[in-house]
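The values are calculated or read from the model by the stated rules, or taken from the named source; none is laboratory data. Source: prediction; values computed, not measured. Don't worry about glycine lacking a Cβ; one is built from the backbone with ideal geometry, like all the others, and counts go over all protein chains shown.
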There are 2 protein chains.
Amino acid sequence: MGKIIRLAHGAGGKMMNDLIRDLFAPPLDNPYLRQMADSAVIQLETYNLKPGDQLALSTDSFTVRPLFFPGGDIGSLAVHGTVNDVAMSGARPLWLTVGFILEEGLEMEVLEQVVRSMAEAAHTAGVQVVTGDTKVVERGHGDGLYVNTAGVGIVPAGVTIGPQQIQRGDVVLLSGTIGDHGIAVLSQREGLAFETDLVSDSAPLNGLVESLLAAAPHTHCLRDPTRGGVAAALNELAEAAGVGIEIEETAVPVRPAVSAACEMLGFDPLTVANEGTLVAFVEPQEAEAALESLRRHPLGKNASRIGVVVEEHAGMVLVRTPIGGRRILDMPLGELLPRIC
Amino acid sequence: MGKIIRLAHGAGGKMMNDLIRDLFAPPLDNPYLRQMADSAVIQLETYNLKPGDQLALSTDSFTVRPLFFPGGDIGSLAVHGTVNDVAMSGARPLWLTVGFILEEGLEMEVLEQVVRSMAEAAHTAGVQVVTGDTKVVERGHGDGLYVNTAGVGIVPAGVTIGPQQIQRGDVVLLSGTIGDHGIAVLSQREGLAFETDLVSDSAPLNGLVESLLAAAPHTHCLRDPTRGGVAAALNELAEAAGVGIEIEETAVPVRPAVSAACEMLGFDPLTVANEGTLVAFVEPQEAEAALESLRRHPLGKNASRIGVVVEEHAGMVLVRTPIGGRRILDMPLGELLPRIC
């Protein structure tokens, strides 16, 4: 095997099989991956499915630039991103598929590092990479590597979490500080690099969700505010649920480094991406228990109660400003931060 | 919405939501996709799972060039490729996830055409696209569009199909002519374009597999010989199962147009990609019934018995040539045909 990726590594022959056997399989090893068939076959009986259990499916492609950033890389991010999307339906994420699109000339060492990081993240999150695929495109037709993950999890019978469950009076909780991921990645961009010791919040949220649901079993909706940040997540949910949302700007935790960078760049932290933070819509009578359960978890130390669901101004999100005014929090149009995940 | 894809279409804001609502959702519409949550939640009860039922998972990224070719395009191919990988475990494919990586500047009309084609292919194959993701990369960092699909299916209790089931004496069946996909795509490449009325065999094989398994319920292994062709598929299986395979060159159906192109280009048709053809390893006593069931199906009209599994030369594939000799059919190294799927 050479030191760089060649077109032949994606052509279905010996070089591809060697790559799978030598580079992908060892760190990701598990019995499903070892089947080495066109698809992984999973014995559902092992998982004690109960009547009424549901399946959660999700997918995300990752094109983050640069590939390595403070607090993570495209490998760990690709695991966390999909684990989190699956967890947001109240599911226990169990299995991932991984599809790489590699650019000819990519250093083998970079790929190795990404796969190792992916394996560690999967191990920590308690999920298995059960099957994968590799394609190689010619130099100039990619950007080192892109990766897609799809995830499958099991939603226990009786759990119904989603935008349609949101109700007037629901309390809106946020599990941590916002904007850390977006600003940490941006701080590494050519032409933009600035000094900060900020790290991405990229982390698997399934454990946090489990704690939250144990404390607040009637939780209505969960969302991880990635691209477009909290602003996009709340606007989507307000529209989908046909409700209004009001949040207190001062209640939203923002690290000083994120505030400073946002001021410099002209961003609203509420529109910056997160990869290890969630928004929860809980019933008022479970809100205190929910908040405490979040704060007890290492990933929820900075959790706070940021707002409430109202009947008025359906489909809109309003922010109460520190000086007592109210402003509309718009859905970001979208051009701020390309390639953030 | 403009006439081309812009970076903002992948940034998680309003432009992305408009793209999803106006372009992706209408042709692909189904109740799961309509949930518009971070993951699609599937009520397993609707599918009457039985004890012992298994889940099959598969993924494939598609980088085929050009995006449109005789007999298909990247959209239909992305559905067929993953449906087929899932079907090769004996599963009934049910749900797909789709992840697009779009290049800034892609014409919206091209994307529309690909999504429509994907929707038609999914409809024909009887699968639903339940969730998706879109990323946009800057001009010069992609090639129009790449797409990943992951697929989930249910393998009925008691069905165990895979490389490990292959046994000495198994009859090797091939469901159709070989090389049609690879040569049809190559015929469209700049600098290589040649006149042919050949079309790709790209098709969903789940119906064919269902017929086959009804006729030959003890089928040991199925594989769709895509990248690397029949040569790669048989070599992988011979190695995985620790058996030898012998095939009759004259029994392998090859269209004259494929033979002619392969001769011109110096290819062995056995190494050229297929996207709607399968290889089946069946028990000798079920071989005749299996072959008949394939031939009765529109996608198996040209099915033939091409070889047998032997104890000798474990891990190797031998070809009996028309003049009575034997040659080793090697695993292709891999550089022949980049970007064929």
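Restricting the search to the stretch B:231-244, which residues are in contact with a Gly (Cβ under 6 Å, 6 or more places away or on another chain) and of a type outside the set (Asp, Glu)?
B:Ala232, B:Ala238
Only one of the numbered conditions (1) small (Gly, Ala, Ser); (2) touching a strand residue (DSSP E or B) at 6+ places or on another chain (Cβ under 7 Å); (3) under 23 Å from A:Ala87 (Cα atoms) is violated by B:Gly12, and that is (2). Annotation: of all residues in the stretch B:141-199 being surrounded by fewer than 17 Cβ atoms within 10 Å (Cβ to Cβ) and among the hydrophobic types (A, V, I, L, M, F, W, C), the one that is modelled with the highest pLDDT is B:Val199. Scanning the stretch B:58-90 for residues that are facing another protein chain (nearest Cβ under 7 Å) and closer than 30 Å to B:Ala214 by Cα, which turns out farthest from the chain's Cα centre (by Cα)? Across the stretch B:58-90, the extreme among qualifying residues is B:Ser89.
Please verify whether B:Glu210 is at negative phi, under 19 Å from the mean Cα position of the chain (by Cα) and surrounded by fewer than 23 Cβ atoms within 10 Å (Cβ to Cβ), treating the condition exactly as stated.
Judged against the criteria, B:Glu210 is a match.
One residue alone among B:Ala232, B:Ala303, B:Ala261, B:Ala240 is surrounded by 20 or more Cβ atoms within 10 Å (Cβ to Cβ) and under 20 Å from B:Gly162 (Cβ atoms), and that residue is B:Ala232. Of the residues making up the stretch A:224-235, those that are of a type outside the set (A, V, I, L, M, F, W, C) and at pLDDT 95 or above are A:Asp224, A:Pro225, A:Thr226, A:Gly229, A:Asn235.
For the stretch A:120-137, the set of residues classified as of a type outside the set (Ser, Thr, Tyr), within 14 Å of chain B (Cβ to nearest Cβ) and under 22 Å from the mean Cα position of the chain (by Cα) consists of A:Val127, A:Gln128, A:Val129, A:Val130, A:Gly132, A:Asp133, listed by residue number.
Conditions tested, residue by residue: (1) surrounded by fewer than 24 Cβ atoms within 10 Å (Cβ to Cβ); (2) closer than 29 Å to A:Ala78 by Cβ.
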residue	(1), (2)
A:Thr271	no, yes
A:Asn274	no, yes
A:Val279	no, yes
A:Glu286	yes, no
A:Ala289	yes, no
A:Arg296	yes, yes
A:Gly307	no, no
A:Gly315	yes, no
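For the stretch B:38-57, a residue qualifies if it is farther than 22 Å from B:Asp85 by Cα, free of Cβ contacts under 8 Å to residues at least 60 places away in the same chain and either at the interface with chain A (Cβ under 7 Å from one of its Cβ atoms) or surrounded by 19 or more Cβ atoms within 10 Å (Cβ to Cβ) (or both), and the qualifying residues are B:Asp38, B:Val41, B:Gln43, B:Glu45. The single condition among (1) aliphatic (A, V, I, L, M); (2) modelled with pLDDT of 95 or more; (3) not assigned by TED's automatic domain parsing to the domain that holds A:Glu120 that A:Ile74 does not meet is (3). Of the residues making up the stretch A:317-341, those that are crowded, with 18+ Cβ neighbours inside 10 Å, within 14 Å of another protein chain (Cβ to nearest Cβ) and under 23 Å from A:Ala261 (Cα atoms) are A:Leu329, A:Met331, A:Pro332, A:Gly334, A:Leu336, A:Leu337, A:Pro338, A:Arg339, A:Ile340, A:Cys341. Filtering B:Phe267, B:Phe281 for residues that are farther than 20 Å from B:Asp85 by Cβ, within 14 Å of chain A (Cβ to nearest Cβ) and out of contact with any helix residue (DSSP H, G or I) (no Cβ under 7 Å at 6 or more places or on another chain) leaves a single hit, B:Phe267. Restricted to the stretch B:17-34, and to residues there that are in contact (Cβ under 8 Å) with a residue 12 or more places away in the chain and either buried (at least 24 other Cβ atoms within 10 Å of the Cβ) or polar (S, T, N, Q) (or both), the residue that is farthest from the other protein chains (Cβ to nearest Cβ) is B:Asn30. Residue-level check: of (1) without any contact (Cβ under 8 Å) to a residue 60 or more places away in the chain; (2) more than 8 Å from chain A (Cβ to nearest Cβ); (3) not polar (S, T, N, Q), B:Gly140 misses just (2).
The condition of being in contact with a helix residue (DSSP H, G or I) (Cβ under 9 Å, 6 or more places away or on another chain) and either within 11 Å of chain B (Cβ to nearest Cβ) or on the phi < 0 side of the Ramachandran plot (or both) does not hold for A:Val310. When A:Leu173, A:Leu198, A:Leu192, A:Leu237 are screened for being in contact with a strand residue (DSSP E or B) (Cβ under 8 Å, 6 or more places away or on another chain) and away from chain B (no Cβ under 13 Å), only A:Leu173 passes.
Are any residues in the stretch B:161-170 within 9 Å of chain A (Cβ to nearest Cβ) and touching a strand residue (DSSP E or B) at 6+ places or on another chain (Cβ under 8 Å), and if so, which ones? Residues satisfying the conditions are B:Ile161, B:Gly162, B:Pro163. Residue count for the stretch A:2-16, restricted to those that are modelled with pLDDT of 90 or more, more than 7 Å from every other protein chain (Cβ to nearest Cβ) and farther than 9 Å from A:Val136 by Cβ: 2.
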